[in-house]
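Heads up, the thing below is written out as structure tokens.
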Amino acid sequence: MSAQPDHRHRQFVRRVVLPSGKTIEVVYFEQGDHGLPSPAPSETPTELHVCGTCSSELVYPIDWEEAGASHWQVTLRCPNCEWVGTGVFEQEVVEAFDEELDRGTETLVRDLKALIRANMEEQVERFAEALENDLILPEDF
């Protein structure tokens, strides 16, 4: 007896890039009328980086995982008021959040580089001053 394909399922394929750089394909099967419905998106703002409690724009994800073909379950935390919450959000909302996280990362890296440069300039100035005043001896090395 040959197996007949089951046409009651819709198939979704999603490519996921892992932190290692490898790409995998995740296949989802969604049943017809007899299956579970897709998760409903949470009734929360579409700007996930903004805290609904204190309006801080520093909300970040603690955890996230796929919750269907086009939804993500995300646990968020606000460092300002210590609010923590979990919701299911549409792919577009999570992608916008991810872009905002990338912008925040770029800002932090830019500020870190400026701080490193300022600290290095101070150390170079102190070293040059010590050289000029003969404060560095061979025993120092």
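Please treat every number below as a calculation from the coordinates, not as lab data. In this text the structure is predicted, and so the values were computed from the model without any measurement. With ideal geometry, Cβ positions are generated from the backbone for all residues, glycine too; neighbour counts draw on all protein chains shown.
In this structure, is A96 within 14 Å of the chain's Cα centre (by Cα) and either acidic (D, E) or within 30 Å of C54 (Cβ to Cβ) (or both)? So A96 fits the description; yes.
Hey, could you check the stretch 99-117 for residues that are without any contact (Cβ under 8 Å) to a residue 12 or more places away in the chain and acidic (D, E) and say which is farthest from L48 (Cα to Cα)? Residue satisfying both the conditions and the ranking: D111. If the condition is being of a type outside the set (F, W, Y) and over 18 Å from R103 (Cβ atoms), then the stretch 56-79 contributes I62, D63, E65, E66, A67, G68, A69, S70, H71, Q73, T75, R77. Selection of the stretch 56-93 for residues being surrounded by fewer than 16 Cβ atoms within 10 Å (Cβ to Cβ) and among the hydrophobic types (A, V, I, L, M, F, W, C) yields L58, I62, C81, W83, V84.
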